[in-house]
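Beneath this line is the structure, given in structure tokens, with notes to follow.
The values are calculated or read from the model by the stated rules, or taken from the named source; none is laboratory data. This is a predicted model, so every value here is computed, not measured. Note that we place each Cβ from the backbone using ideal geometry, even for glycine, and neighbour counts take in every protein chain shown.
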Amino acid sequence: MRWKWWWMAVAIVSLLTVPSSTSANESLNALALEREVLDLLTPLIGDIGMALQGFIDIGKIGMGVAKFIGLISEQVFNASELEMNFGSYIPSADRKILAMFELLSRRLDQIEHGVHGIANSLRDLADGMQEMVRWEIALNTVEDHTLMDFANTVVSHDTHSVMSLMAHLHSMAAPESADHTTSSLHSGSRSYTVLNDPKDMYKVSERVTRKMILQEKMLRDSKGLPNKPESIFLRPSLFVMLHDVLEKSDRCSLNQSPQQLINGLFVLLSLTEARGYAMLEFSWMLLRVYNEGNFTVEQEVSERLFLQYSEDIMREAKAVLLHESREFYKCDPREHVEGETYVQITELMQGYIENEVDMNSGGSCSNNCGYYQHTKNEGCYMPQSQYCGQHRRCRGTIHDCQFYDADAWACLSRNPYRRYDYVRYENRHLLGPTQQCEGSEMKIDSWWRFFFHCSYCLCLCDDGESPTTDRYISLVPALSDTRNNKVVTGIQFIKQRRVIHLQVRQGQALPQGQVNSSTVEWVDVEPISIISTAYIEGIHYKKLSFENRSIDLDRLVSVGDHVVTGVRFRMLGSHINLEVQITPVNYTTGQLQPYKSYWISNDNTPAMARNPRRELKINSPDDPTKFPGLSKVDSVSDTFVRFGPTDRGKDVAQLTVPFFDAQTVSPSPSSWWSGLELFHKGQPGSGGFLGLKIISFNMTPHMEVKDNRSKTLDLPVIPAE
């Protein structure tokens, strides 16, 4: 079902180009005005940039905006409130107010830039959501009004005014809280003739109201509840609706973890409310400057409403965020391309045809194929006429030989990673896919020697010296530059010089979970030469073999305010094991403490007496790139998987699975990570892929919500006339 979206937008007058009512002698150019404002505020709060970051925390935008605007008001209106002729003795007051609000706007823009990609993802989910809010209440639009006109427009009673739209947004983001607040406001008996009536702040469009009532009626009817059209709090919030959409979606089109996406929605909604409130306060101040009245009561009402809105939206968001997944990983691409979307180990235990006469030093045929479970090639009997003299022989160890039939046709592959595309026996037994041979077919016939049958067997070749085997995994750490305050923001598998590496992307950490997008870059991988004596097997890289081919699947997550700054593989016994470097970070300033970095890992092994590490078995695997559907995560932490050949019947055991998913795992916008997981994903009958899953930084501990929520909003007492 395709649901409609609710779009909200507010057009605001261009503030920097309109004429001022102050005299020409008192007007200041932009630079001089900014310097004067900075001179005014710096003694009070220190460095403006750092102070605004401290004031306006991403987790509690509303409280910070209210605090900063209160400071502005104190500095501009520092005379007696009994004096109404403010404009007569405050030089360029309107422009000073404007300059101060420009500083605030820059900070809000900085926060919004950090969640820019999230708005795009929210729009991508449009087909699955009931309604959408256009978050942008910008501080720039048309140019035809004066500052006075602007102020009057913002504080008007119109249903499309800033106050009404803020209330509308509040009712959608936190409907239950909005219902309580509305009831409290409407239940009072006092008359507020001096105020712009607070009830106007809760008006919504007629179409939206009808839809709310209809949704609530259906919900009440389904639960057997009495109809009370004046109550709308049973309507789900935007956060709950987004959660429901994420639960039903495959998440493949998203570029963030579910928690990061919902937290981004919270930030965008908070920014919208903050900008609306800033415009209201700016307007009240302008009207005071232009001798239109005192408006201190109106300012106090709008501040209390704004703080209540902010608290309600934060509470609603946190309730959903606490149960939301912080995981982000890549789904399968539409088309698999080697070197771009996946990389693979090659020729580790590959299907190989060998006659039993060549697998023992005596050249005997007295045993059978099943006898040769662990052996090696001992020579080539009659190379001029037999198969052994016409194909690439196995120079390593030979394992798990099996007999299928005496005679066969083998399709020799053109792919350097494969020996055969299929093997077709004369008894019509086919190993591999049914297809035309694109290479060359070779006849392979067993023979009799006296009373013994010299049989051709299908075995597994483990030839570590083959020039076409890529079976090396780097053990060199991939680190971000913590000395320059950079954290890991992306990761991928790559293959260079036959070695598979972990490569990381880094970016400069900013306060409150954000990353400076202009600094994001890939960290170069150190090339490893397996033939150079400068690189030692077991220290710089691991060479896989029949005996050592297991890799551990683990989820490694830091505790508290720590972020990921590095990743590496190490050897834990005979297993390749993941480690993650984490570094303490100051959430408020974004500063790392690199000298306190350390590595975390899961040291559990299959040999443990209690809760040993378990193996994830892959049954009858085939080439994972053949499968059109999406792979599903089928592993859990604290397990391991063995690299091994594809199924003999499906693929003549020619490929090594699982493959490595080489897609970039990098949320957009870039953000801090708390951990990393190495996992397996696949489908029934597929060899699957090893993938990387990031765990985004948990923002909820920094969202301070009051426990003692008030159901009423206390308005200021209006003096009797």
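Kindly indicate the residue of the range 576-596 that is buried (at least 17 other Cβ atoms within 10 Å of the Cβ) and among the polar types (S, T, N, Q) and also nearest to residue 640 (Cα to Cα) among those meeting that condition.
Restricting to residues being buried (at least 17 other Cβ atoms within 10 Å of the Cβ) and among the polar types (S, T, N, Q), the top hit is 577.
Hey, among the residues in the range 578-598 that are touching a residue at least 60 places away in the same chain (Cβ under 8 Å) and assigned to a loop (DSSP other than H, G, I, E, B), which one's farthest from residue 513 (Cα to Cα)?
597
Just checking, how many residues over the range 404-442 are within 16 Å of residue 457 (Cβ to Cβ) and out of contact with any strand residue (DSSP E or B) (no Cβ under 6 Å at 6 or more places or on another chain)?
Number of matching residues: 4.
Report the residue count in the range 532-550 for those that are in a loop (DSSP other than H, G, I, E, B) and farther than 17 Å from residue 645 by Cβ. I'd like the intermediate steps shown before the answer.
Within the range 532-550, the subset in a loop (DSSP other than H, G, I, E, B) is 532-536, 538-540, 544-549.
Going one step further and asking which of them are farther than 17 Å from residue 645 by Cβ, we end up with 532-536, 538-540.
The qualifying residues number 8.
Which of the residues belonging to the range 551-571 are in a strand (DSSP E or B) and under 20 Å from residue 660 (Cα atoms)?
551, 552, 553, 555, 556, 566, 567, 568, 569, 570, 571
Name the one entry in 475, 458, 510 that is closer than 23 Å to residue 596 by Cβ and not basic (Lys, Arg).
510
Tell me, which residue of the range 250-264 that is more than 23 Å from residue 313 (Cα to Cα) and at pLDDT 75 or above is farthest from the chain's Cα centre (by Cα)?
Among them, the one singled out is 254.
Take the residues in the range 381-390 that are under 19 Å from residue 460 (Cα atoms) and surrounded by fewer than 18 Cβ atoms within 10 Å (Cβ to Cβ); name whichever of them is nearest to the chain's Cα centre (by Cα).
Residue satisfying both the conditions and the ranking: 390.
From the list 240, 267, which one is under 19 Å from residue 699 (Cα atoms), surrounded by fewer than 17 Cβ atoms within 10 Å (Cβ to Cβ) and either under 29 Å from the mean Cα position of the chain (by Cα) or assigned by TED's automatic domain parsing to the domain that holds residue 693 (or both)?
Being under 19 Å from residue 699 (Cα atoms), surrounded by fewer than 17 Cβ atoms within 10 Å (Cβ to Cβ) and either under 29 Å from the mean Cα position of the chain (by Cα) or assigned by TED's automatic domain parsing to the domain that holds residue 693 (or both) holds for just one of 240, 267, which is 240.
Go through the range 504-524 and report how many residues are modelled with pLDDT under 95 and among the β-branched types (Val, Ile, Thr). So that I can check it myself, show each step before the final result.
At the first step, the residues of the range 504-524 found to be modelled with pLDDT under 95 are 510-518.
From what's left, among the β-branched types (Val, Ile, Thr): 515.
Going through the range 504-524 one residue at a time, the tally reaches 1.
Name the one entry in 381, 309, 342 that is modelled with pLDDT under 90 and touching a His at 6+ places or on another chain (Cβ under 7 Å).
On the way: 381 fails: touching a His at 6+ places or on another chain (Cβ under 7 Å); 342 fails: modelled with pLDDT under 90.
Selected residue: 309, the only one of 381, 309, 342 that is modelled with pLDDT under 90 and touching a His at 6+ places or on another chain (Cβ under 7 Å).
Given the conditions (1) in contact (Cβ under 8 Å) with a residue 40 or more places away in the chain; (2) over 17 Å from residue 161 (Cα atoms), and given that residue 295 satisfies all but one, which numbered condition is not satisfied?
(1)
Could you tell me which of the residues 550, 529, 545 is buried (at least 18 other Cβ atoms within 10 Å of the Cβ) and over 20 Å from the mean Cα position of the chain (by Cα)?
550
If residue 332 satisfies every condition in (1) more than 30 Å from residue 394 (Cα to Cα); (2) of a type in the set (D, E, K, R); (3) not assigned by TED's automatic domain parsing to the domain that holds residue 658 but one, which is the exception?
Failing condition for residue 332: (3).
Can you name the residue in the range 320-357 that is part of a strand (DSSP E or B) and among the charged types (D, E, K, R) and, of all such residues, is surrounded by the most Cβ atoms within 10 Å (Cβ to Cβ)?
354
Please work out if residue 512 is touching a helix residue (DSSP H, G or I) at 6+ places or on another chain (Cβ under 7 Å) and within 16 Å of residue 697 (Cβ to Cβ).
When the stated conditions are applied, residue 512 passes them.
Which residues, counting only those in the range 464-497, are of a type in the set (D, E, K, R), in a loop (DSSP other than H, G, I, E, B) and surrounded by fewer than 23 Cβ atoms within 10 Å (Cβ to Cβ)?
Passing the criteria: 465, 470, 481, 497.
Restricting to the range 659-676, and then to whatever is among the hydrophobic types (A, V, I, L, M, F, W, C) and not in a loop (DSSP other than H, G, I, E, B), can you tell me which residue is surrounded by the fewest Cβ atoms within 10 Å (Cβ to Cβ)? If you could, list the steps in order and put the result at the bottom.
Restricting attention to the range 659-676, the residues satisfying the condition of being among the hydrophobic types (A, V, I, L, M, F, W, C) are 659-660, 662, 665, 672-673, 676.
From what's left, not in a loop (DSSP other than H, G, I, E, B): 659-660, 665, 673, 676.
On the way: 659: 26, 660: 20, 665: 18, 673: 27, 676: 25.
The residue in question is 665.
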